[in-house]
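Accompanying notes for the structure given below.
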Amino acid sequence: MLRDVTIVVKAFERPESLLRLYQSIRTYYPLIDIIIVDDSEEKVNLCEFENNVTYLATDFNIGLSAGRNYAVSNVKTKYFLLLDDDFFFTEK
């Protein structure tokens, strides 16, 4: 079932939050596909991410809707879960 889901994240100017979200996803869903659209001025260090991650760096401040639309246009699975970069998963 998880192979039918992609996690979509729109990131902007919160690299620490994005990395915390990424680590929490990998803790509970180590193989799920992730698409990150980042329109921050300073991009996240790509070596933080593993396979099954598509990191799309865009121009600065393209906006929430444009970033989400761009991410969703890259989804190849039947379903997706749309998250902001300040979300994170816990055991509960």
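The values are calculated or read from the model by the stated rules, or taken from the named source; none is laboratory data. Worth saying up front: this structure is predicted, and the values here are computed from it rather than measured. Neighbour counts are summed over all protein chains in view; Cβ atoms, including those assigned to glycine, are modelled from backbone coordinates with ideal geometry.
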Note on segment 48-91: residues farther than 16 Å from A11 by Cα and within 10 Å of the chain's Cα centre (by Cα) are none
The chain: strands (runs of 3 or more DSSP E) wholly inside it with 1 or more residues that are modelled with pLDDT of 95 or more, aromatic (F, W, Y) and surrounded by fewer than 17 Cβ atoms within 10 Å (Cβ to Cβ) are 79-84
